[in-house]
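A quick write-up on the structure given underneath.
Read-outs: derived from the displayed coordinates by stated rules, not from any lab. None of these values were measured; they are calculated from a predicted model. Positions of Cβ are generated from backbone atoms using ideal geometry, with glycine treated the same way; all protein chains shown enter the neighbour counts.
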Amino acid sequence: MRFATTSALLLATVALGACGGSSDEDQAKSTVCSARADISKQVDQLKALTPATFTTAAASKSLAAIRSDLSDIKGAQENLSDDRRQQVKQANQEFAGEVQDLAKQVFRSVSGSQAKSELTGSLQQLANTYKQTYARVDCS
């Protein structure tokens, strides 16, 4: 009787784990997709900046959020399937490089309308890079 009770509990635990549990890969995918969604939001906010509305503070805030999201993705990618890990790793490398270049540009002198125009052009390039990298990461 004791064996039957123990076996029943074990089967119930396994069944519940299969239905409601979340594997490391599922959690990693969730982290990546959540961060990807936030990156998209931040890129849209940056892309909306014009030379007239651009401020270093606004750009810095969005870039800091993107860097945090990239860090979250990098931490989660090891628990992804091989194909997804490779896709995310490649997107992370390409997009992070673009973010670093833009951050350097933002922290340089942004006085004058010419500098702001150049920065807003770079923000558009960041949006294009997002479309070519993270927008292609499957989150379905």
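Summing Lys and Arg as +1 and Asp and Glu as -1 over all other residues whose Cβ lies under 13 Å from the Cβ of Ala103 gives a net charge of +2.
From the cross-link list Lys41/Lys131; Lys29/Lys74; Lys29/Lys104; Lys47/Lys131; Lys47/Lys89; Lys61/Lys89, which pairs have alpha carbons spaced over 21 Å apart?
Numbers: Lys41/Lys131 12 Å; Lys29/Lys74 12 Å; Lys29/Lys104 30 Å; Lys47/Lys131 13 Å; Lys47/Lys89 24 Å; Lys61/Lys89 24 Å.
Beyond 21 Å between Cα atoms: Lys29/Lys104; Lys47/Lys89; Lys61/Lys89.
The label-point distance for Ser34 and Lys89, in a model that sets each label 7 Å from Cα toward Cβ, rounds to 2.4 nm.
A simple count of charges around Ala65, restricted to other residues whose Cβ falls under 9 Å of its Cβ and scoring Lys, Arg +1 and Asp, Glu -1, yields +1.
First select every other residue whose beta carbon is under 13 angstrom from the beta carbon of Ala76; then total the charges, Lys and Arg +1, Asp and Glu -1. Walk me through the numbers on the way to the answer.
Values: positive: Lys29, Arg36, Lys74, Arg84, Arg85, Lys89; negative: Asp24, Glu25, Asp26, Asp69, Asp72, Glu78.
Neighbour charge sum, excluding Ala76 itself: 0.
Only one residue of Gln90, Ala35, Ser60 has its Cα farthest out toward the positive end of the dipole of the range 23-136, where Lys and Arg carry +1 and Asp and Glu -1 on Cβ, and that residue is Ser60. Estimated at 0.36 nm per residue, the fully extended path between Gln100 and Ser81 surpasses their Cα-Cα distance by 4.1 nm. Normalised size of the range 23-136, defined as Cα radius of gyration per 2.2 N^0.38 Å with N residues, equals 1.11.
Hey, with R₀ at 35 Å, roughly what FRET efficiency would Gln114 and Arg136 work out to, going by the Cβ-Cβ distance, to 0.05? It would help to have the intermediate numbers written out before the result.
Values: r = 34 Å, r/R0 = 0.96.
Once rounded, the FRET efficiency stands at 0.55.
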